[in-house]
Structures are given as structure tokens and as C-alpha cells.
1. What list of ³J(HN,Hα) values in whole Hz, one per residue of the stretch 13-30 in order, does the Karplus curve 6.51 cos²θ - 1.76 cosθ + 1.60 (θ = phi - 60°) give from phi, with Gly and Pro shown as x?
2. For the chain, calculate the relative contact order in percent as a whole number, restricting contacts to Cα pairs under 8 Å that are 6 or more residues apart.
3. Give the label of the value calculated from the structure for Cα Rg over 2.2 N^0.38 Å, choosing from (1) 3.32; (2) 1.80; (3) 1.33.
4. Pull out the extension gain between K90 and L102, defined as 0.36 nm times the separation in residues minus the alpha carbon to alpha carbon distance; nm, one decimal.
5. Express in nm, to one decimal, how much length is gained between V33 and N15 on full extension, taking 0.36 nm for each residue of separation and deducting their alpha carbon distance.
6. Determine the shape class of the stretch 59-104: with a ≥ b ≥ c the square roots of the Cα gyration tensor eigenvalues, call it rounded for a/c under 1.5, and otherwise prolate if a/b is greater than b/c, oblate otherwise.
7. How far, in nm, would the chain grow between D83 and E48 when pulled straight, counting 0.36 nm per residue and subtracting the alpha carbon separation?
8. Count of lysine pairs in the stretch 20-103 with Cα atoms under 22 Å apart, counting only pairs 8 or more residues apart in sequence or on different chains?
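Nothing in this text is a laboratory measurement; each read-out follows from the coordinates by a stated rule. The structure presented is a predicted model; accordingly, all values stated were derived computationally and were not measured.
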Amino acid sequence: MDFNTYQENIRLYANYHKELGPFSVILDLINNVGRLGDKLHIILEENEGTFTPEDKAKISISLGDIINNISNISSDLGLKLNDIIALNLKKLEMIQQKNESLKS
């Protein structure tokens, strides 16, 4: 499944105050990133950074929640995930080229 298809399908499950648009989802995104951080912190503290299959499943669910939030923010702004990803890759390529030219 490509990102735009995911973005279209995930809207079927969007359950937030759409009149607030991306602002409502941004708060949920912050919450989900915090939960991911908490889970990673616990794994690092208790398991010394060793990830069990259960840990990986929990992390995957948290990452999915974050992708869901990003997808809904993008949709509310009329942006397509494939375009966002392409732009991000272009930006990273430009940064890498700039860093490499500074080393020369």
C-alpha cells in the first residue's frame, strides 16, 4: 500500500473534532510521541536496550498511532503523504550534498 492510499483509508477511522482541524490532531500527536518516549525509556531502563518481540509490537503500535496523526494533519491541510515524503527526501539530499561539499 502506498502512503496516499493509507492516507485515504485512515480517514475512515478519524475520530476527532474536525472543526478544529489539525490543531486537535497535533495535541494527540504530542501525546502519542510522549507515550512512545515513555515506552522506549522503560525498555532502556529495564531491559538495557534489548527489545523483546512484545516491546517491538508495542513500539510498532505507537509508531502507527503517530503515522495516523501525521496522516490526518496532512489531510486536514490538503497535503498528500507521498508529496510530503518526496519533499522530505529532496531536503535531506540537499543537506547531505551541502555537508559533503563543506568537507571537501
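1. Values, residue by residue: 10, 5, 9, 7, 6, 5, 5, 8, x, x, 5, 5, 6, 4, 5, 5, 4, 4 Hz.
2. Dividing the mean separation by the residue count of the chain yields 39 percent.
3. The value matching this structure is (3).
4. My answer for the length gained is 2.5 nm.
5. Between V33 and N15, full extension yields an extra 4.6 nm.
6. It is oblate, given that a/c is not under 1.5 and a/b is not larger than b/c.
7. Contour length minus Cα-Cα distance gives 8.8 nm.
8. Going through the stretch 20-103 pair by pair, I get 7.
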